[in-house]
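Colleague: First the structure, then my questions, so here it is.
The values are calculated or read from the model by the stated rules, or taken from the named source; none is laboratory data. Please read all numbers here as calculations on a predicted model, not as lab measurements. Please note: Cβ atoms are built from the backbone with ideal geometry, for glycine as well, and neighbour counts cover all protein chains shown.
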Amino acid sequence: MQGGVVPPGLYAYDGVGWHQLSSVCGGAKGRIAWAGPDEFWTISDQRPGQITSTEQNKGDLEALSLCHFQGDTVVGSYAMPLGEPDSYVEMDAAACLSAEDCWFAGQDGEPPNIGSFHLHWNGSEVSAVYDSSDHVVTGMASFNGKFYEGLAVGSEDSYLPEEEEPGRPQGSPLHPPVIRTIAPAGGTQLCAGIQNGFCNVFLFSAGQTLPVYPERTLPDALGGFYLASDGSPLGTGATQLWAGADPAGRTPTGSGPAKVTVLHDSKGSWTQVLPESGNGVSPLSGYILSGATSDVSGTERAEPGSGSIAPVPGTESAWLSLTGGVDVAQVALLEADGSVATVDNLPETGEDVGFRGTAGPIACPALNDCWMATDSSGSVTGGWLFHLTGGAPVAPNTDPLFDGEDPTIAYRPRDGGVLVVYPDGFAEDDSLINQQPPPASTAPNEELAPASKAKKAKPLVKRIKSAFLHHRVLVISFTLTARAHVQLIARDKGRIVAKTRDELLRAGSNRLSLTLDPARWPTKLQFEAKPIGASAGSEGTSSSGDTIGT
């Protein structure tokens, strides 16, 4: 496309030129996750008019909703009004392993929902999942049948016991994991011997824990990691996984500065490509990774822009989008051994077209077939596309969806809010609630009574939700259908280690908080609700009470 402002939406390349595929579901910080040849998801800007606060600032609606495309139709749209307890937060990562298993993630949730925010599509519904860790998710990729997430360790983050490196000498600096995996749908994975959906990945190479930080540099001096593999959009055929992170926008007090850090996994073996050692000199010294969502001023930068790394299929190299404060878009071909094959300036010398913006997202679907989009910078207010080819003509795409013959998709259905909010399966020794979503056969919004109460016409307790505040205060919110005596009891091997007082609560929405002692951490939570007339002092399940245990 030549000149002018490009209308918002989605665009497709048919091997000859670009055309607008959809006028809906676009976004300035959008992401695309492929679920099949003609099926994909987008992280999109939310439509206006769904905000509850009195003022709406620029960017308030960016990357807050999902769209589900099948063929030439948007079959699903998911969003929540802003300013509510269950509102979505900004999402920066997306990936699918199949049409029935897609994940989306981003910032930390807002109280009472504490932890890394995720949305999960299981083939029939979208569910919100808050992982128990207190870290922002900055990147995601499908690799070797698993989802991999890159994390940003913030200076204000708290840490769970399982985030400590195994065998770490007492008193040595904390080295939290920066990458974790998510079990595929229908599967499980073991984390420290405990079944859990999320697993921290501690990376080791040559006797060192990765990433290797410069001397006297704290983990939160480094920003979040962006991930990319060289396989298909669903991760098949991938042989290598790359992860890159920039220094944080501000060096934390008491810490030395971090450096651009690049990690590489080839056939299960991790290495640190940049810098070669914690205090080594980087061949790309003076550069930072660049992308469409980055603030390249260097004052507030916390993570690389999405798409700053593009592994080249069939090789052990990757293209990086860089910025170094010069008025050209710069890309570098980085080898797995840490050497730099080339640094190219775009436009190339001799092309009298002027500055076209800073290098942004880059992707390589095949060898000698890479695309890079520039970002607004300086006097440039729009982006441009650059295409790397091997000189051979590109065959036209004959897929009817992308040939440009069909009308532009212009319909986005009404938003379906989150159907189920539940904590991810917390490890048994470090958390309490393990509330699971309804089985797939359950109709949307159908309430489930406990199995022992299947004959009750009306459950006493509905819409139970849980969250941790600062990983020590458990907050349970619920709805009572009648006045009842309610109590939380935390046990460790049958011994009570904490409990709330027995309270008489009214019908309607209620909340209980229970402060836990890390030295006396429970393995089971008992939630009792007994209607008026039942024995308020009794413990355990009764014919008139609802009990939930983990």
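Colleague: Among the residues of region 160-174, are any surrounded by 18 or more Cβ atoms within 10 Å (Cβ to Cβ), modelled with pLDDT under 90 and under 27 Å from Ile32 (Cβ atoms)?
Modeller: no
Colleague: Any idea which of (1) buried (at least 23 other Cβ atoms within 10 Å of the Cβ); (2) at pLDDT below 95 is the one His264 doesn't satisfy?
Modeller: (2)
Colleague: Pairs, please: C-beta under 8 Å, at least 6 apart or cross-chain, first residue of a type in the set (Phe, Trp, Tyr) and in region 508-524, second exposed (fewer than 15 other Cβ atoms within 10 Å of the Cβ) and not in a strand (DSSP E or B)?
Modeller: If the second residue must be exposed (fewer than 15 other Cβ atoms within 10 Å of the Cβ) and not in a strand (DSSP E or B), the pairs left are Trp521/Asp429.
Colleague: Let me ask something else about it. Please report, ordered by residue number, the strands (runs of 3 or more DSSP E) entirely within region 365-478 with at least 1 residues that are surrounded by 16 or more Cβ atoms within 10 Å (Cβ to Cβ) and at pLDDT 75 or above.
Modeller: Values: elements: 369-375, 385-389, 420-423, 461-469.
Strands (runs of 3 or more DSSP E) meeting the threshold: 369-375, 385-389, 461-469.
Colleague: Quick one: which strands (runs of 3 or more DSSP E) lie wholly within region 60-107 and hold at least 2 residues that are over 25 Å from Gly404 (Cβ atoms)?
Modeller: Here the list reads 65-70, 91-98.
Colleague: Sticking with this structure for a sec: Could we say that Asp492 is modelled with pLDDT under 50 and acidic (Asp, Glu) here?
Modeller: Judged against the criteria, Asp492 is not a match.
Colleague: Right, something else. If you take the residues of region 147-172 that are among the charged types (D, E, K, R) and in contact (Cβ under 8 Å) with a residue 40 or more places away in the chain, which of them is farthest from Asp92 (Cα to Cα)? Full working, then the answer.
Modeller: Let us first name the residues in region 147-172 that are among the charged types (D, E, K, R), namely 149, 156-157, 162-165, 168.
Of the ones still in play, those that are also in contact (Cβ under 8 Å) with a residue 40 or more places away in the chain are 149, 157, 162, 165.
Working: Glu149: 11, Asp157: 18, Glu162: 25, Glu165: 27 Å.
Residue satisfying both the conditions and the ranking: Glu165.
Colleague: Quick check on Asp134: is it among the acidic types (Asp, Glu), within 23 Å of Ala245 (Cβ to Cβ) and outside any loop (DSSP other than H, G, I, E, B)?
Modeller: no
Colleague: Checking the conditions here, which among Pro219, Pro257, Pro275 is of a type outside the set (A, V, I, L, M, F, W, C), more than 17 Å from Thr315 (Cβ to Cβ), in contact with a Pro (Cβ under 9 Å, 6 or more places away or on another chain) and at pLDDT below 90?
Modeller: Pro275
Colleague: All but one of (1) over 21 Å from Pro184 (Cα atoms); (2) of a type in the set (D, E, K, R); (3) surrounded by 18 or more Cβ atoms within 10 Å (Cβ to Cβ) hold for Asp230; state the number of the condition that does not hold.
Modeller: (1)
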